[in-house]
1. Classify the chain as rounded, prolate or oblate from the Cα gyration tensor: take a ≥ b ≥ c as the square roots of its eigenvalues, call it rounded if a/c is under 1.5, otherwise prolate when a/b beats b/c and oblate if not.
2. Take residue 40, project a point 7 Å from its Cα along the Cβ direction, then tell me which residues of segment 1-31 have their backbone nitrogen under 18 Å from it.
3. Using the alpha-carbon atoms, what tilt in degrees (0 to 90, nearest 10) does helix 72-86 show relative to the longest principal axis of the chain?
4. Listing 65, 1 from the residue with the fewest other Cβ atoms within 10 Å to the one with the most, what is the order?
5. If R0 is 35 Å, what FRET efficiency do you get for residue 84 and residue 108 from their C-beta distance, rounded to 0.05?
6. Cα axis of helix 54-66 to longest principal axis of the chain: angle in degrees, 0 to 90, nearest 10?
7. Please rank 113, 64, fewest neighbouring Cβ atoms within 10 Å first, as an exposure proxy.
8. Taking other Cβ within 10 Å of each residue's Cβ, how do 54, 90 sort, fewest first?
C-alpha cells in the first residue's frame, strides 16, 4: 500500500474576503496551503491519472479566492467541496488559509483557519 500526498504550499493571493466593509474595499493578501492524501495499490508509472495535478489544485484555489466571502472558514469549505469532486478517492484533505494583515488594530499579525477532512 502506498500513501501519496500532493501539496501546494504558501500560495499567495490578493483578494477581498472579510466581514468588515473596508476589507471588501481595500482587499488583503492571503496565503493558502492545500494537501491531498491518497492511497494506492499501484506503483507510480509516470501517469498523471494516478496522481493529482497540482495545477488543478491551484486553479480551484484561484477560482474560490476570486469570489469574496465573509469568513476564512467558508473559503476552506468551498475548496474542500471542489477537491472532493475531482478526487473522490482522497483519504485526507488539509487546507490552511492565512489573512496576512487582518484588521486587528496592530501593525503586524496574521489570522489563519485550518480545515482537515478525512474520508473516515
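We did not get these values from a lab; they are worked out from the coordinates using the rules stated. Everything numeric here is computed off the predicted structure, so don't read it as measured data. No Cβ is skipped: glycine too gets one built from the backbone with ideal geometry, and neighbour counts run over all protein chains shown.
1. prolate
2. 1-8
3. Helix 72-86 sits roughly 20 degrees off the main axis of the chain.
4. 1, 65
5. Approximately 0.50, to the nearest 0.05.
6. Around 30 degrees separate the two axes.
7. Lowest count first: 113, 64.
8. Sorted ascending by nearby Cβ count, the order is 54, 90.
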